[in-house]
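What follows is one structure encoded as structure tokens, with my remarks underneath.
The values are calculated or read from the model by the stated rules, or taken from the named source; none is laboratory data. Quick caveat: nothing in here was measured; it's all calculated off a predicted structure. Cβ sites come from the backbone with ideal geometry, for glycine too, and all protein chains shown count toward neighbours.
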Amino acid sequence: MEGRTHWIFDGYNVMHALKKIPKELSFELAREHFIAWLSPFAADGKQVTVVFDAHLPSGTPDGVHRIRVLFSTPGVNADGLILNLVRQAARSHTSLTVVTNDLLLRDTLFNYPCCVISAESFLNEWRQVSSVSHPSISPKAKRFYRPFKDL
């Protein structure tokens, strides 16, 4: 679909950077909490993928959250999986935004036709729509590669 951006989140990286998850939760519960927190962002039809480092089977789009959840496989970490997704998107001319604070990944993705923003920039560019701080689109949001400005 033209004009539609596919959002890819570097799962654990963004989850920990935004500090929206209680520290006492297990990895499994923290992932579920993070995905639920992102669900309002995906609710209006955005294509959203969250990639986690783990050796678990890949998920499919969730009927409730509408978020595709992927887990890395042996020999490939989340960064490698994100890079593969970006390469596929470049071949299919899909508009893509990657959210990560990983500087090596950000610098690598600079060579591809995608937008890369930090977790903090993502949060800052979306206004709060409830007391739970769910992200929603800001009409003046500017998304561009800012390697060190926002870290």
**OP:** Only residues that are in contact (Cβ under 8 Å) with a residue 40 or more places away in the chain, closer than 10 Å to Ile8 by Cβ, hydrophobic (A, V, I, L, M, F, W, C) and buried (at least 20 other Cβ atoms within 10 Å of the Cβ): list them for the range 86-121, please.
**Re:** Val86, Leu96, Val98, Val99
Original post:
Within the set of pairs 6+ apart or on separate chains, which have a first residue in the range 16-28 that is assigned to a loop (DSSP other than H, G, I, E, B), a second that is not charged (D, E, K, R), and C-beta atoms under 6 Å apart?
Top reply: Lys20/Trp37; Ile21/Met15; Ile21/Ala30; Ile21/His33; Ile21/Phe34
Original post:
Restricting the range 41-60 to residues that are surrounded by fewer than 17 Cβ atoms within 10 Å (Cβ to Cβ) and touching a His at 6+ places or on another chain (Cβ under 9 Å), which is modelled with the highest pLDDT?
Top reply: Lys46
